[in-house]
Amino acid sequence: MRTAQAIATALAGLLLAFGARAEPLAIGVATPLSGPSELLGRQVETGAKLAAIASGTELRIADDACTAEGGAAAAAGFVEAGVKAAVGFLCTESIEAAAPILKDAGIPILTVGVRTENLTEQRARTGWPVFRFGPRGDDERNAAAAILTRLWKDELFAIVDDGTIYGRELAETLRAQAEQAALKPVFVDTFRPGLDNQIALVGRLRRAGATHVFVGGDAEDVAVMGRDADEMGADIVFAGGEALRAATDVPLATGTLMISLPEWAEAADRPVLDAFQAAGALAEGYALPAYAAVQVVETAAVEADRTGKTLGEVLPAQEFSTAIGPIRFDEKGDLTQNPYRAWRFDGQRFVPMEGQ
């Protein structure tokens, strides 16, 4: 509550300060402020508000409740309020209901959370002015495949998965890209997840000669494999996806690799982090991406005024400097650079690998 009051007080002060100036830029913020996703929605709200404080931008905040009805209502409200862009949208249901309404009004959308691939893949058919401020659904597995086939091109590697859709897609994408690169794993299998030990699996991996193993599965299974390999004297490096950021009962083995998004608080500009701290807000989850999304709209609006172009024309035409680094969109509205990176566990935390 104190955080919300601090932000509200700062916003009120800025609105008074900008009152004598030209009409401020108005941006809509659609985010779940009720229901099971409220915690994540509050992160979006906080980040957007703090960005607005820094620049005098006017926000129209709507609770889309992560539902189609909420998304449509938020979009209708944004059109009525005359906002120049809409940011937020964490859920597919709400953005798909809002997009046709905002398209007809010429209002571009910057989503910080929806990963559904079809949202941008079908842009030519739908014409929805969506710009994705986060990863696509296939970015994680594509990054894992690209990074590991490069890192392991001279290694004896294996690929295992836990049989879930998530695990199989990660493993299969890596296997397919390795094949295209003329690389063949020494061992491929599906393991039974959630066991107290994976000694039998580690034994098969060692007999196959594997020195590096990609695991399509969760963090606990990877941690158990690393522990069992160490106890058996098997020198094996394990790797996995962003699920490895989860807490585990068994510590991850030092040297474990992870393909994951950055922790934005570690990459953000210091003055921005100071602003979060001064407001008593946490720079976590979607807060910093929402902050950066507002920054992008603000920069694009200045360029649109200068050139006479629309925001929708400006957004895919240039690179934007933001609190979390440079952002550029392709013609479909996706990020031009896959944001996933390789990280190595040093025994305490994941640190970025050099030379990526």
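Could you tell me which residue of the range 326-349 is most open to solvent (accessible area, probe 1.4 Å), considering only residues that are farther than 17 Å from Val297 by Cβ and within 15 Å of the chain's Cα centre (by Cα)?
Filtering the range 326-349 for residues that are farther than 17 Å from Val297 by Cβ and within 15 Å of the chain's Cα centre (by Cα), the one most open to solvent (accessible area, probe 1.4 Å) comes out as Gln337.
Could you grab me the full set of residues in the range 102-114 that are small (Gly, Ala, Ser) and surrounded by fewer than 22 Cβ atoms within 10 Å (Cβ to Cβ)?
Listed by number, the residues that qualify are Ala105, Gly106.
Checking the structure you have, find out if any residue of the range 296-305 is open to solvent by less than 10 Å² (accessible area, probe 1.4 Å) and β-branched (Val, Ile, Thr).
yes
Please identify the pairs in which a residue from the range 325-343 that is in contact (Cβ under 8 Å) with a residue 40 or more places away in the chain has its Cβ atom under 7 Å from the Cβ atom of a residue that is open to solvent by less than 20 Å² (accessible area, probe 1.4 Å) and part of a loop (DSSP other than H, G, I, E, B), counting only partners at least 6 apart or on another chain.
Pro339/Pro135; Tyr340/Pro135
Residue-wise test of (1) part of a strand (DSSP E or B); (2) in contact with a His (Cβ under 8 Å, 6 or more places away or on another chain); (3) surrounded by 21 or more Cβ atoms within 10 Å (Cβ to Cβ).
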residue: Val87; (1), (2), (3): yes, no, yes
residue: Pro100; (1), (2), (3): no, no, no
residue: Thr116; (1), (2), (3): no, no, no
residue: Leu170; (1), (2), (3): no, no, yes
residue: Thr173; (1), (2), (3): no, no, no
residue: Ala182; (1), (2), (3): no, no, no
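Output the residues belonging to the range 236-282 that are within 14 Å of the chain's Cα centre (by Cα) and either touching a residue at least 24 places away in the same chain (Cβ under 8 Å) or open to solvent by less than 20 Å² (accessible area, probe 1.4 Å) (or both).
Gly241, Glu242, Ala243, Arg245, Ile259, Ser260, Leu261, Pro262, Trp264, Ala267
Of all residues in the range 32-80, which are in a loop (DSSP other than H, G, I, E, B), at negative phi and open to solvent by 20 Å² or more (accessible area, probe 1.4 Å)?
Leu33, Ser34, Pro36, Ser37, Thr67
Determine, yes or no, whether Ile27 is of a type in the set (Val, Ile, Thr), at pLDDT below 50, within 30 Å of the chain's Cα centre (by Cα) and surrounded by 16 or more Cβ atoms within 10 Å (Cβ to Cβ).
For Ile27, the condition - of a type in the set (Val, Ile, Thr), at pLDDT below 50, within 30 Å of the chain's Cα centre (by Cα) and surrounded by 16 or more Cβ atoms within 10 Å (Cβ to Cβ) - is not met.
If a residue must be touching a helix residue (DSSP H, G or I) at 6+ places or on another chain (Cβ under 6 Å) and either under 17 Å from Leu288 (Cα atoms) or touching a residue at least 40 places away in the same chain (Cβ under 8 Å) (or both), how many such residues does the range 311-324 contain?
6
Report whether or not Glu313 is of a type in the set (Asp, Glu) and closer than 30 Å to Lys103 by Cα.
yes
Considering only the range 327-344, I want to know if a residue exists there that is small (Gly, Ala, Ser) and not in a helix (DSSP H, G or I).
yes
Return yes when Gly82 is in contact with a strand residue (DSSP E or B) (Cβ under 8 Å, 6 or more places away or on another chain) and more than 23 Å from Ile324 (Cα to Cα) and no when it is not.
In short, yes.
Determine whether Ile199 is farther than 24 Å from Lys153 by Cα, touching a helix residue (DSSP H, G or I) at 6+ places or on another chain (Cβ under 6 Å) and either open to solvent by less than 60 Å² (accessible area, probe 1.4 Å) or not hydroxyl-bearing (Ser, Thr, Tyr) (or both).
So Ile199 fits the description; yes.
Farther than 30 Å from Leu102 by Cα, within 18 Å of the chain's Cα centre (by Cα), of a type in the set (D, E, K, R) and at pLDDT 95 or above - does that describe any residue in the range 121-141?
Checking the range 121-141: at least one residue is farther than 30 Å from Leu102 by Cα, within 18 Å of the chain's Cα centre (by Cα), of a type in the set (D, E, K, R) and at pLDDT 95 or above.
The values are calculated or read from the model by the stated rules, or taken from the named source; none is laboratory data. The model shown is predicted, which means the values in this text are computed figures rather than measured ones. A quick note on method: Cβ atoms are made from the backbone with ideal geometry, for glycine too, and the neighbour counts reach across all protein chains shown. SASA here: full protein model, heavy atoms, side chains in, ligands and nucleic acids out. Shrake-Rupley method; radii C 1.70, N 1.55, O 1.52, S 1.80 Å.
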